[in-house]
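Notes follow once the structure below has been shown.
The values are calculated or read from the model by the stated rules, or taken from the named source; none is laboratory data. Computed from a prediction, not measured in an experiment: that's the story for all the values here. Positions of Cβ are generated from backbone atoms using ideal geometry, with glycine treated the same way; all protein chains shown enter the neighbour counts. Heads up: the accessible areas ignore ligands, DNA and RNA and are worked out on the full protein's heavy atoms, side chains in. Shrake-Rupley method; radii C 1.70, N 1.55, O 1.52, S 1.80 Å.
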Amino acid sequence: MWSGQTVGMEERILTEKVKNRIVVFAAAVFFLGAFIWCLLKPAVPFSESERRSLKTMPSFSVSGFVSGKFMKDFESCSMDQFPMRDSFRTLKSVVALYLLGQKDTGGIYLAEGYASKLEYPMNTASLDNAASRFRHIYEKYLKDRNVKLYLSIIPDKNSVLAGEKGYPAMDYQAFARYLQEKTDYMQYIDIYDCLELADYYKTDTHWRQEKILDVARRLAEGMGISLSEEYMVQTLKTPFYGVYYGQSALPLAPDEICYLESSIFDQCRVFDYETNEEIPVYDMEKAEGRDPYEMFLAGPKSLLRVQNESADTDRRLIIFRDSFGSSIAPLLFEGYSEILLIDIRYLSSELLGNYVEFDNADVLFLYSTLVLNNSDTLK
């Protein structure tokens, strides 16, 4: 009896050893195969889904190897160039949200059919930095000039989604008050109550141009102008997969981009200081590119000048803005003969005097909470 039990135990131990060896062998084959695949497959320089450049194989040097920089760069490269990387990212996100019941994946959560990234808490140091940059521009270019100064803050999607769904959210009214106290030389135009969830794209950070006519009118009224133009809504055929689609790696349905057409736009000339050439109000080539939202005034541009040849006024508007400003600025063209759009994320404020005449103008600082709460990009 004892001998039979011993034989049975030995058989089970042998079986376990065989299983363990099979698992180890399979894992070794998998990782070796993945390693060989990584070496043989062409490097992918750009991730379309994440909209960022991917790390490629670093060049080897003795000093880089000794300092550890080579291995650090190699590790980043191996993660970025791993075979079927997007598929594994999607699997990870789906398992995290739907099987493990996590509330978010990489800070991105889903609610009411919308994807959004947590923006919390309020970063007072960042607001201080933004206020400091604005103050510098005021002192250097605007103080004691014939200008009217305005500030407006664009609340991000979380302002109408996160708190209601139990996610941590900033106090957006406190956010606005904090910045107003730091910029008391400007008149504040509150647009918070103009926005609702449907005004934002489901897969992206930005607002929908066809939904923000009321925001444009609020801004115009605050600056003492009236808008009466009626627009025709057009819809892009290209599906729009916003920034959260790529960042979350979730199988989200695409948005559609609508844009507003007006006869006024035919009378407007838009000059791009980066390329020294005129550009269209809507760049239809970019509408079919990596980020169709860049169709609005050609996307991220440091300095644009718009001349409205049909204007019955000589009023000028200078907008310090981020990417949200690209889609709302055309809705303000009607009220001004000239509009300058300045993005100090790409153009140092020290250089503005070389390009911009600041006298006799309305000046609007129009920034989203996303940029203000992460203002290290402002120059």
(message) Looking at (1) surrounded by 17 or more Cβ atoms within 10 Å (Cβ to Cβ); (2) out of contact with any helix residue (DSSP H, G or I) (no Cβ under 9 Å at 6 or more places or on another chain), which one does LYS117 not meet, given that it meets all the others?
(response) (2)
(request) For region 82-105, indicate whether the set of residues that are within 23 Å of the chain's Cα centre (by Cα), of a type in the set (S, T, N, Q) and at pLDDT 95 or above is non-empty. (result) no
(request) Pairs only if they're at least six apart or on different chains, beta carbon under 9 angstrom, first in region 112-129 and more than 20 Å from ASP199 (Cβ to Cβ), second outside any helix (DSSP H, G or I) and small (Gly, Ala, Ser); list them, first residue then second. (result) TYR120/ALA162; TYR120/ALA169
(message) Looking at (1) hydrophobic (A, V, I, L, M, F, W, C); (2) closer than 17 Å to ALA329 by Cα; (3) touching a Leu at 6+ places or on another chain (Cβ under 7 Å), which one does LEU151 not meet, given that it meets all the others?
(response) (3)
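Which residues, taken from region 334-349, are small (Gly, Ala, Ser), surrounded by fewer than 22 Cβ atoms within 10 Å (Cβ to Cβ) and closer than 22 Å to GLN209 by Cα?
Of region 334-349, the ones small (Gly, Ala, Ser) are 335, 337, 348-349.
Checking which are surrounded by fewer than 22 Cβ atoms within 10 Å (Cβ to Cβ) leaves us with 337, 348-349.
Within region 334-349, just SER337 meets the criteria.
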(message) Contact list please: Cβ distance under 9 Å, first residue in region 49-63 and over 26 Å from ALA249 (Cα atoms) and outside any loop (DSSP other than H, G, I, E, B), second residue open to solvent by 80 Å² or more (accessible area, probe 1.4 Å) and modelled with pLDDT of 70 or more, pairs at least six apart or on different chains.
(response) SER63/LYS69
(request) Write out, first by first residue and then by second, each pair whose Cβ atoms fall under 8 Å of each other, whose residues are 6+ apart or on separate chains, and whose first residue, in region 216-240, is under 21 Å from HIS206 (Cα atoms) while the second is part of a helix (DSSP H, G or I) and open to solvent by 40 Å² or more (accessible area, probe 1.4 Å). (result) TYR231/LEU213; THR238/GLU288
(message) Considering only residues that are more than 18 Å from LYS237 (Cβ to Cβ) and open to solvent by 60 Å² or more (accessible area, probe 1.4 Å), which ones fall in region 249-272?
(response) PRO251, SER263, ASP266, GLN267, ARG269
(message) Of all residues being of a type outside the set (D, E, K, R) and open to solvent by 10 Å² or more (accessible area, probe 1.4 Å) in region 190-215, which is farthest from PRO121 (Cα to Cα)? Just the residue, please.
(response) LEU213
(message) Take residues that are within 29 Å of TYR355 (Cβ to Cβ) and tell me which of the strands (runs of 3 or more DSSP E) falling wholly in region 157-273 contain 3 or more.
(response) 268-272
(message) Within region 290-310, take every residue that is touching a helix residue (DSSP H, G or I) at 6+ places or on another chain (Cβ under 8 Å) and either open to solvent by 40 Å² or more (accessible area, probe 1.4 Å) or in a strand (DSSP E or B) (or both) and give me the one that is farthest from ILE342 (Cα to Cα).
(response) SER310
(request) Count, please, the residues in region 275-285 that happen to be charged (D, E, K, R) and either within 11 Å of ILE257 (Cβ to Cβ) or assigned to a loop (DSSP other than H, G, I, E, B) (or both). (result) 2
(request) Go over the candidates LEU179, LEU142, LEU127 one by one and state the one that is out of contact with any strand residue (DSSP E or B) (no Cβ under 7 Å at 6 or more places or on another chain), open to solvent by less than 20 Å² (accessible area, probe 1.4 Å) and closer than 20 Å to VAL363 by Cα. (result) LEU127
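Yes/no matrix, rows are residues, columns are (1) surrounded by fewer than 22 Cβ atoms within 10 Å (Cβ to Cβ); (2) in a helix (DSSP H, G or I); (3) in contact (Cβ under 8 Å) with a residue 40 or more places away in the chain:
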residue: ASP312; (1), (2), (3): yes, no, no
residue: ALA329; (1), (2), (3): no, yes, no
residue: LEU332; (1), (2), (3): no, yes, yes
residue: LEU351; (1), (2), (3): yes, yes, no
residue: VAL356; (1), (2), (3): yes, no, yes
residue: ASP359; (1), (2), (3): yes, no, yes
residue: VAL363; (1), (2), (3): no, no, yes
residue: LEU370; (1), (2), (3): yes, yes, yes
(message) Under 7 Å between Cβ atoms, which residue pairs at least 6 apart in sequence (or on different chains) link something in region 253-277 that is free of Cβ contacts under 8 Å to residues at least 24 places away in the same chain with a partner that is of a type in the set (S, T, N, Q)?
(response) GLU256/THR235
